[in-house]
Structure formats: structure tokens, C-alpha cells
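To keep things clear, I will list the structure first and then write my remarks on it.
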Amino acid sequence: MANKLATEKKVTVISMLAGHPKAKRAYGWSHPEGDDNKGERFVAVLEIPPVNSPKTAVKMSIYSDIKSNPKTKL
């Protein structure tokens, strides 16, 4: 089962998970990527603390990108 949440002209898909030992939900979205923004990156984040909402999923994804590559362009 998946619900869609529109935030700031973006859509986050919220999927209910069955059988995962820690997460009840996963959040997914895509965004442009690359120097020319012609590529597309797909992101999925499990709802495991500190992630408890689509908003925190996006924040933690951004944090993870910055931590793994300090030269990441926001």
C-alpha cells in the first residue's frame, strides 16, 4: 500500500512495509541529478529513528549525502 504526499511541488511515496523487523514505512522520491540536472536519482529511506516522517526522511537523506560527499551541491 502506498500513499503520496505532496510537499513543495514534490511527491513523496509512503509505503507500508510488512515483515520488516524495524520499519513500518518507507519513504521514496526522485530528484534531478548531475551537472545539467538531466539525470534522475531515486531515493528510498526507511522509517527508523530519527526518521519519523517524510520531512525527516528528506532531511536525513540530505545529511547523508553531505556526510558522504562534503562537496555535494545543495
| message | Here are the criteria: (1) outside any strand (DSSP E or B); (2) at pLDDT 85 or above. Tell me which single one L74 does not satisfy. | response | (2)
| message | Suppose we filter A57, A26, A44 for residues that are surrounded by fewer than 16 Cβ atoms within 10 Å (Cβ to Cβ) and under 14 Å from the mean Cα position of the chain (by Cα); which single one remains? | response | A44
| query | Yes or no: T12 loosely packed, with under 12 Cβ neighbours inside 10 Å and either out of contact with any helix residue (DSSP H, G or I) (no Cβ under 9 Å at 6 or more places or on another chain) or modelled with pLDDT under 95 (or both)? | reply | no
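The values are calculated or read from the model by the stated rules, or taken from the named source; none is laboratory data. Note that the structure is predicted; figures quoted are calculated from it, not measured. With ideal geometry, Cβ positions are generated from the backbone for all residues, glycine too; neighbour counts draw on all protein chains shown.
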